[in-house]
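Worksheet for the structure shown next.
The values are calculated or read from the model by the stated rules, or taken from the named source; none is laboratory data. Being a predicted model, the structure only gives us computed values, none of them experimental. As a convention, Cβ positions derive from the backbone with ideal geometry for all residues, glycine included, and neighbour counts pool all protein chains shown. Protein only, heavy atoms only, side chains kept; ligands, DNA and RNA dropped before computing areas. Shrake-Rupley method; radii C 1.70, N 1.55, O 1.52, S 1.80 Å.
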Amino acid sequence: MTLTAILLVAAALIGIGLYGALSQQSFVMLMMGLELILNGVLLIAVGFWSLGLGGPPRGQLLAIVVMAVMAIEMAVGFALVTAVYRKRQADTTEGLETMKH
Amino acid sequence: MTLSDIAFWLFSAGAVWTAWRVFRTDSMVRASFALMLSFFCVAAILLLLSAPYLGIATIFMMAVEMMVMALFMVMFMMNPAGLNPMMMVHQHKVSIGAGVAAFAGLGAAALLTDLPHHAVAAGKPVIRDLGTELLGGSMLIFETAGITLLATMVATVVLSSRSGRFGAADEGSRPPGLEPGGKPAGRAPERDSDHSHHAEHGG
């Protein structure tokens, strides 16, 4: 278990997440792609903290901030999905061609 | 190869495989559970990396978050149970290219960089360190995260509530029909019928 191996796994997660975020039409699937990217970021942060830098406390703080970003992304994303669905009955990205109502 | 190495590679393979399954399964509920498994595998790797607090917190957080996601899938999306084969993608080749390029770029950076090697000491009190840091030197950062979460709660309620402070949020707006030339989607204009109703009473 080396830092390079962890970074490679995280790179795979970020690559799959980017593919999902760019390719999926459904809003919720798109958010899953974003979550996967953040999953990879979390792994990178903790990998560096644990194997590269000898465990400084601020590294764990960074991981906690990443987790807060995950929670915020989910909450605001679902609120936007609800608002868009209510307004336009749209549940795919193609249903939105303008930001005006 | 030690036991923790074997566990690391098993969990890594699990994390990447379930992440891939998220976008390859027909059922959207199964997709959210695959994502949950991917997070659990990463949480197990965090445990192996001697970050027990972060690993367990990730498991708890994702267990709840993915349940909410599955619920939203059933509420909003077509084909939540995967009864029909389905592939809802756009700009597919560009996306595959971007994903592969991201992996290749980040992987090359990981392989070519001269990374620091300084592992956490075995007996280091990492959870205690984290607690001291959160409520000590980095308290302002921690509190900022709290305020941001509060702002998120307010924004979530504002975005998702049906009516604003001064009446219905979608007043005066009729979305186009679901089919071209079809009946307008959204709520029926109750206001007009209410007016005529009142007018009849008044007359």
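Stretched out straight at 0.36 nm per residue, the stretch from B:Ile56 to B:Met87 would grow longer than its current Cα-Cα span by 7.8 nm.
In segment A:24-43, burial by the other protein chains removes 10 Å² or more of 1.4 Å probe accessible surface, compared with the chain on its own, from A:Gln24, A:Gln25, A:Ser26, A:Val28, A:Met29, A:Met32, A:Glu35, A:Leu36, A:Asn39, A:Leu42, A:Leu43. Of the residues B:Leu134, A:Gln25, B:Leu112, the one whose Cα sits farthest towards the positive end of the charge dipole of the protein assembly as shown is B:Leu112 (charges of +1 on Lys and Arg Cβ, -1 on Asp and Glu Cβ, taken about the Cα centre).
Here chain A exposes an accessible surface that is 71 percent carbon and sulfur, computed with a 1.4 Å probe and the other protein chains kept in place.
For segment B:1-84, the relative contact order works out to 33 percent when only alpha carbon pairs closer than 8 Å and six or more residues apart are counted. In the full protein context, segment B:33-80 carries 38 Å² of accessible surface per residue, based on a 1.4 Å probe and ignoring ligands, DNA and RNA. Ligands, DNA and RNA are left out, and with a 1.4 angstrom probe the accessible area of chain A is 34 Å² per residue. Buried surface between chains A and B: roughly 7200 Å² of accessible area, summed over both sides, computed with a 1.4 Å probe on protein heavy atoms only. Within 10 Å of the Cβ of each residue in B:52-60, the mean number of Cβ atoms contributed by other protein chains is 3. Interface residues of segment B:109-127, defined as a loss of at least 10 Å² in heavy-atom accessible area between the chain alone and the complex of all protein chains with a 1.4 Å probe, are B:Ala110, B:Leu111, B:Leu115, B:Pro116, B:His117, B:His118, B:Ala119, B:Val120, B:Lys124, B:Val126.
Of the accessible area of segment B:32-153, computed with a 1.4 Å probe over protein heavy atoms only, carbon and sulfur atoms account for 76 percent. Placing pseudo-labels 7 Å out from each Cα toward the beta carbon at B:Met139 and A:Glu94 gives an inter-label distance of 5.5 nm. Most tightly packed first, judged by the mean number of other beta-carbon atoms within 10 Å of their residues, the peptides B:133-140, A:83-90 read A:83-90, B:133-140. The packing ranking of peptides B:61-68, B:33-40, highest mean first, is B:33-40, B:61-68, where packing means the average number of other beta carbon atoms within 10 angstrom of each residue.
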